[in-house]
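Here the structure comes first, spelled out in structure tokens, and everything after it is commentary.
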Amino acid sequence: MIKKSLCAIVLAASFTTPAMAAPQEIQWWHSMSGQLGDWVNDLTRDFNASQKDYKIVPSFKGSYDETMPAAIAAYRSGNAPAILQVFEVGTATMMASKGAIVPVGEVMKQAGLPFDAKAYVPAVAGYYTAPNGQMLSYPFNSSTTVMFYNRDAFRRAGLDVNKPPQTWPELALVTAKLKAAGEKCPYTSSWQSWVQLESFSTWHNVEFATKNNGFGGTSARLAFDTPLHVRHIENLANMAKQGLFVYKGRGNVPDASFISGECAILTGSSSTFGAIKKSAKFDAGIANLPYYPDVPNAPQNTLLGGASLWVMAGKSPAEYKGVAAFFNYLSRPEVQAASHQRTGYLPITMAAYELTEKSGFYKKNPGADVAVTQMIRKTTDKSRGVRLGNFPQIRTIIDEEFEQIWSGKKTAKEGIAAAIKRGNEQLARFEKANKS
């Protein structure tokens, strides 16, 4: 009888005890695939395990070019994610999307969590900050342009593995020696607009576009038809004719040709470091992007790349608290430092950089600090970054025109002139659509 009563009490208690609330789910759309996708999944898994109130749900939505339009369409239909990863060239478009986003500083403030924009590397913080000083998105995966080289291929060509080319004239000489030693692809480059025009411009402290590369307003127009730009693209076209520069495609497609050992030198994103470290079967080195030594003030600093996290409007207070908690977790120096060391993305706070340096990581991985040292210099109005409307479309135009140059169908002057004319039409369209 007593036993029966106890059972009844326990059963009753199980119905009266409040059920444990499920964690608030927060949708995050991103563009990280492969091993970078593994990194994103590990970050969210670790955050979700660190607390019980929120659950970040990451979803891969395709390339950067595919994710942003998908999110805009989802926002219009009321189904946008709370967090959206947008590549840096989409920044001007997101900034112009008033009402569709919530500034990251506002999200952190409402949640009562700290957010100090001054803790970030200046070139990173400045890129995502509005003219009124308000930081609009959370810097997540910031990268810059660097040069990777196959030290084994250098040895086969009789080159000094500890002296990679520092200048473009030196790179031309080195690639000729690599070709003479049997290398079929001495040099290739990823992201041709970003590396060969945008970062090239900041590295030489010259404008890619007027109005301080678009930071001064939507009336900016493309300006990469200077004698320096034309000379550089002409030099690359001549190298292509000689088989010293081999065009391997758009975006990061050429990365695979370096990692496989097919190409001996690659200029591209510092974020390729992780893939090279994991998959390359040769001794790889990292060096600064080459420059022209006769240009005053060169080298200055390379250009920011990668992406940031934008908070979309129309979400519940609980979702915003979860977003803030996640960003607060990502801001921890130990989390930032681990991400930098794993992926090759920049340690976007100085604390993460100092923690990495203190750990001895740079001594164990020579050259891994190249991306950082190229970026932490004081920036100028011409080197702060490039922020233009319809930038993804402009990059596609540059891809199309440069392919005409590499194939010999247009001269450097003709291709550049066409890219500027077509690109400026995109800028004029953006300016007209966003007049206040």
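Under 15 Å from the Cβ of N235, count the other residues' Cβ atoms, weight Lys and Arg +1, Asp and Glu -1, and hand me the total. Could the numbers behind the result be given before it?
Values: positive: R231, K241, K413; negative: E170, E234, D294.
Once positives and negatives cancel, what remains is 0.
Scoring 115-121, 279-285 by mean Cβ neighbours within 10 Å over their residues and listing the highest first yields 115-121, 279-285. Share of pairwise Cα-Cα distances greater than 21 Å in region 326-436 is 60 percent (whole percent). Diffusion coefficient of region 267-355 by Stokes-Einstein, Kirkwood radius over Cα pairs, 37 °C, 0.692 mPa s: 203 µm²/s.
Its Cα gyration tensor gives region 227-318 an equivalent ellipsoid, and the semi-axes of that ellipsoid, as √(5λ) in whole Å with the largest first, are 31, 22, 14. Sorting 255-263, 425-433, 76-84 by their mean Cβ neighbour count within 10 Å, with the most densely packed peptide first, gives 255-263, 76-84, 425-433.
May I ask for the angle, rounded to the nearest 10°, between helix 350-359 and the longest principal axis of the chain, with both axes built from Cα atoms and the value confined to 0 to 90°? Helix 350-359 sits at roughly 80 degrees to that axis. With unit charges on the beta carbon (Lys/Arg positive, Asp/Glu negative), name the residue among L197, Q35, F326 whose Cα is farthest towards the positive pole of the charge dipole of the chain. It is F326, whose Cα lies furthest towards the positive end. Equivalent ellipsoid of region 21-98: semi-axes from √(5λ) of the C-alpha gyration tensor, largest first, are 23, 16, 10 Å.
When DSSP beta bridges are limited to those with both residues in the chain, what percentage is antiparallel, rounded to the nearest 5?
Working: 25 of 40 bridges.
About 60 percent, rounded to the nearest 5.
When each of the peptides 305-312, 131-138 is scored by the mean number of other C-beta atoms lying within 10 Å of its residues, the order from highest to lowest reads 305-312, 131-138. The mean of 1/r over all distinct Cα pairs in region 135-241, once inverted, gives the Kirkwood hydrodynamic radius of 16.1 Å. Dipole magnitude for region 52-157: about 220 debye, using +1 per Lys or Arg Cβ and -1 per Asp or Glu Cβ, origin at the Cα centre. Placing unit charges on the Cβ atoms of the charged side chains and taking the dipole of the chain about its Cα centre, the candidate lying farthest along the positive direction among N162, A21, F215 is A21. Here the extension length gained between Q242 and E25 equals 72.6 nm, from 0.36 nm per residue of separation less the Cα-Cα distance. Reducing region 204-264 and region 34-93 to their Cα centroids gives an inter-centroid distance of 29 Å. Choose one of Y353, G385, Q374: the residue whose Cα lies farthest towards the positive end of the charge dipole of region 330-394 (beta-carbon charges +1 Lys, Arg; -1 Asp, Glu; about the Cα centre). In region 330-394, that residue is G385. Taking all protein chains together and a 1.4 Å probe, the residues E106, E25 rank E25, E106 from largest to smallest accessible area.
Here the Karplus relation 6.51 cos²θ - 1.76 cosθ + 1.60, evaluated at θ = phi - 60°, turns the backbone of region 30-40 into coupling constants of 9, 10, 8, 10, x, 6, 6, x, 4, 5, 4 Hz, with x for every Gly and Pro. Kindly provide log₁₀ I(q)/I(0) values, in the same order as q = 0.07, 0.11, 0.13 Å⁻¹, from the Debye equation applied to equal alpha-carbon scatterers of the chain. With no solvent term, the Cα-only Debye profile gives -0.37, -0.85, -1.17. Size descriptors for region 43-158 (Cα atoms only): Rg and Dmax, in that order, 18.4, 61 Å. Converting phi to 3J(HN,Hα) with the Karplus coefficients 6.51, -1.76 and 1.60 and the offset θ = phi - 60°, region 243-256 yields x, 8, 10, 10, 6, 10, x, 8, x, 9, 3, x, 3, 4 Hz in sequence order, with x at every glycine or proline.
Using +1 on the beta carbon of Lys and Arg, -1 on that of Asp and Glu, and nothing else charged, what's the dipole of the chain about the Cα centre, debye to 20?
Details: 47 positive and 35 negative charges, 81 e Å.
Computed about the Cα centre, the dipole is about 400 debye.
The values are calculated or read from the model by the stated rules, or taken from the named source; none is laboratory data. Since the structure is predicted, the reported quantities are computational estimates derived from the model, not experimental observations. Counting neighbours? That spans all protein chains shown, and the Cβs are built from the backbone with ideal geometry, glycine included. Accessible surface is based on the protein model in full, side chains and every heavy atom, while ligands, DNA and RNA are left aside. Shrake-Rupley method; radii C 1.70, N 1.55, O 1.52, S 1.80 Å.
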